[in-house]
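K.L.:
The structure's right below; bear with me while I get my questions together.
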Amino acid sequence: MKLFDCHSDAMADIRNKKFAGESDILRRYHLPLYKKGEVLGLIYALWIDPDLGDPQKTMFETLAASFAEFDKCSDSLGIAKNTREIRDIAASGKTAVMLGIEGFDGFKGDMDYIHMMYHLGFRHGMLTWNGDNAFAAGALHEGPGDGLTGLGRAAVREMESLGMIVDVSHASEKTFWDIVDATERPFIASHSNAYSLCPSRRNLKDGQLKALAERGGVVGMNICGSFIDEKEPSVALLARHADYIANLVGIDHVCCGFDFCGYLNLGGGFDDDTPGIHNHSECQSFIDELEKLGYSQEDIEKVAYKNIFSLMDKLLK
């Protein structure tokens with residue numbers, strides 16, 4: 001079954017491999033996996049590794065390397081700004097990529113960068129990664145000052161005005177609720193699971209899931225073992241997260257946000273490995289587990305791509 005993945009760190013991989021002396025990275029490492037896994041499209045999130053130093057320098061290095069790769073792969077990959085373009089690109093046999101931002105650290109507190117990214121084709125953004133910046137507190141926030149800053153409130157309003165998807169996956173709990181208060185339109189959690197099944201600070205509690213669903217948002221299922229189960233993650237348990245959320249708020253609010261990132265070598269006790277779904281070539285194992293749980297073809301298609309497409313149709317021009 002064709003599916004859309006709401007979170008990929010491929011741009012960080014492009015930047016890292018380029019600086020390690022490699023080239024033709026998407027064609028060698030990523031595109032074949034998409035074809036095997038029936039991935040029709042993805043959101044490529046521009047993640048700024050804090051270990052690389054100046055976040056703005058890293059941001060521009062990643063942008064430059066990524067756009068060069070996109071041009072080299074124009075016969076196999078296309079950049080999309082809405083679902084119409086995603087469908088057209090997929091129909092031509094290419095992989096569709098929507099550009100997103102995973103943390104505004106590279107903006108250094110200047111909201112004008114939101115407009116720059118929009119005009120470069122970006123249609124998605126989350127204010128933070130795990131840490132804090134001038135816009136908001138991240139999921140691993142410690143100490144006082146939690147939540148959106150005044151600049152962060154202005155940023156999410158500007159994103160809504162432009163027509164960009166606001167993403168809360170790496171927000172602290174207070175930032176999440178501040179975003180609920182500061183926005184009016186649907187938002188997403190592109191790669192988070194259910195806190196009730198696995199109490200990671202990157203997962204969403206029941207109240208958060210209900211608030212996201214009431215707004216018309218979706219939550220993408222994340223394959224990282226640390227967010228599935230503290231002891232024995234599996235693709236079957238990932239499907240249980242989808243099932244739990246569907247039973248709590250409805251199947252219309254579940255999608256795919258796999259977050260395959262083994263190539264980033266994050267370390268620090270982070271477990272990105274889940275038996276049965278190691279990379280994009282194995283995405284269909286998640287679909288198989290939903291079938292085992294008794295979900296209809298129509299409901300599985302909603303999780304695979306229809307739910308996120310429906311949200312994009314409401315938000316993107």
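K.L.:
Do any residues in the stretch 66-89 that are farther than 20 Å from K2 by Cβ have Cβ atoms under 6 Å from those of residues that are assigned to a strand (DSSP E or B) and at pLDDT below 95, where the two are at least six apart or on different chains, and which pairs are they?
P.N.:
Listed pairs, sorted by first residue: none to list.
K.L.:
Residue by residue through the stretch 1-38, note down the ones that are in contact with a Phe, Trp or Tyr (Cβ under 8 Å, 6 or more places away or on another chain), closer than 29 Å to Y113 by Cβ and either part of a loop (DSSP other than H, G, I, E, B) or among the β-branched types (V, I, T) (or both).
P.N.:
Correct list: D9 only.
K.L.:
Same structure, new question: For the stretch 184-199, how many residues are open to solvent by 70 Å² or more (accessible area, probe 1.4 Å) and in contact with a Leu (Cβ under 7 Å, 6 or more places away or on another chain)?
P.N.:
2
K.L.:
Tally time: how many residues in the stretch 80-118 are closer than 26 Å to L31 by Cβ, of a type in the set (A, V, I, L, M), touching a helix residue (DSSP H, G or I) at 6+ places or on another chain (Cβ under 9 Å) and in a helix (DSSP H, G or I)?
P.N.:
Kept after step one, since they are closer than 26 Å to L31 by Cβ, are these residues of the stretch 80-118: 80-103, 117.
The next check asks that each one be of a type in the set (A, V, I, L, M); those that pass are 80, 86, 89-91, 96-99, 101, 117.
Checking which are touching a helix residue (DSSP H, G or I) at 6+ places or on another chain (Cβ under 9 Å) leaves us with 80, 86, 96-99, 101, 117.
The next check asks that each one be in a helix (DSSP H, G or I); those that pass are 86, 117.
Residues in the stretch 80-118 being closer than 26 Å to L31 by Cβ, of a type in the set (A, V, I, L, M), touching a helix residue (DSSP H, G or I) at 6+ places or on another chain (Cβ under 9 Å) and in a helix (DSSP H, G or I): 2 in total.
K.L.:
Sort out which residues of the stretch 169-199 are over 17 Å from the mean Cα position of the chain (by Cα) and in a loop (DSSP other than H, G, I, E, B), and write them in order of number.
P.N.:
T183, E184, R185, Y195, S196, L197, C198, P199
K.L.:
E230 - would you say it is outside any loop (DSSP other than H, G, I, E, B) and surrounded by fewer than 21 Cβ atoms within 10 Å (Cβ to Cβ)? Show your work before the answer.
P.N.:
Working: outside any loop (DSSP other than H, G, I, E, B): no; surrounded by fewer than 21 Cβ atoms within 10 Å (Cβ to Cβ): yes.
Judged against the criteria, E230 is not a match.
K.L.:
In the stretch 43-84, which residues are among the hydroxyl-bearing types (S, T, Y) and open to solvent by less than 50 Å² (accessible area, probe 1.4 Å)?
P.N.:
We begin by selecting, within the stretch 43-84, every residue among the hydroxyl-bearing types (S, T, Y); these are 44, 58, 62, 66, 74, 76, 83.
Listed by number, the residues that qualify are Y44, T58, T62, S66, S76, T83.
K.L.:
With the condition kept exactly as written, say whether any residue in the stretch 25-38 is among the aromatic types (F, W, Y), open to solvent by 40 Å² or more (accessible area, probe 1.4 Å) and touching a residue at least 40 places away in the same chain (Cβ under 8 Å). Write out each step before concluding.
P.N.:
Going through the stretch 25-38, the residues among the aromatic types (F, W, Y) turn out to be 29, 34.
Still in the running and open to solvent by 40 Å² or more (accessible area, probe 1.4 Å): 29.
Now narrow it down to the ones that are touching a residue at least 40 places away in the same chain (Cβ under 8 Å): 29.
Yes, some residue in the stretch 25-38 is among the aromatic types (F, W, Y), open to solvent by 40 Å² or more (accessible area, probe 1.4 Å) and touching a residue at least 40 places away in the same chain (Cβ under 8 Å).
K.L.:
Any idea which of I277, I287 is part of a loop (DSSP other than H, G, I, E, B) and among the hydrophobic types (A, V, I, L, M, F, W, C)?
P.N.:
On the way: I287 fails: part of a loop (DSSP other than H, G, I, E, B).
Answer to the check: I277.
K.L.:
Quick one: in the stretch 289-316, which of the residues that are touching a residue at least 12 places away in the same chain (Cβ under 8 Å) and more than 20 Å from the chain's Cα centre (by Cα) is most open to solvent (accessible area, probe 1.4 Å)?
P.N.:
K292
K.L.:
Right, here's the next one. Considering only residues that are under 28 Å from L315 (Cα atoms) and of a type in the set (D, E, K, R), which ones fall in the stretch 195-229?
P.N.:
Result: R201, R202, K205, D206, K210, E214, R215.
K.L.:
Mind checking which residues of the stretch 260-286 are within 21 Å of A90 (Cβ to Cβ) and surrounded by 21 or more Cβ atoms within 10 Å (Cβ to Cβ)? Even if it seems obvious, please write down each step before you answer.
P.N.:
Our first condition is that a residue be within 21 Å of A90 (Cβ to Cβ); within the stretch 260-286, this holds for 260, 279-284, 286.
F260, H280, C283, F286 - these are the residues of the stretch 260-286 that are within 21 Å of A90 (Cβ to Cβ) and surrounded by 21 or more Cβ atoms within 10 Å (Cβ to Cβ).
K.L.:
List every residue pair whose Cβ atoms sit under 6 Å apart, with the two residues 6 or more apart in sequence or on different chains, where the first one lies in the stretch 104-120 and is under 18 Å from N133 (Cα atoms) and without any contact (Cβ under 8 Å) to a residue 12 or more places away in the chain and the second, anywhere, is of a type outside the set (V, I, T) and assigned to a helix (DSSP H, G or I).
P.N.:
Cβ pairs passing all conditions: Y113/F107.
The values are calculated or read from the model by the stated rules, or taken from the named source; none is laboratory data. Quantities reported herein were computed from a predicted structural model and do not represent experimental measurements. Backbone-built Cβ (ideal geometry, glycine too); neighbour counts: all protein chains shown. The accessibility values were calculated without ligands, DNA or RNA, using every heavy atom of the protein model including side chains. Shrake-Rupley method; radii C 1.70, N 1.55, O 1.52, S 1.80 Å.
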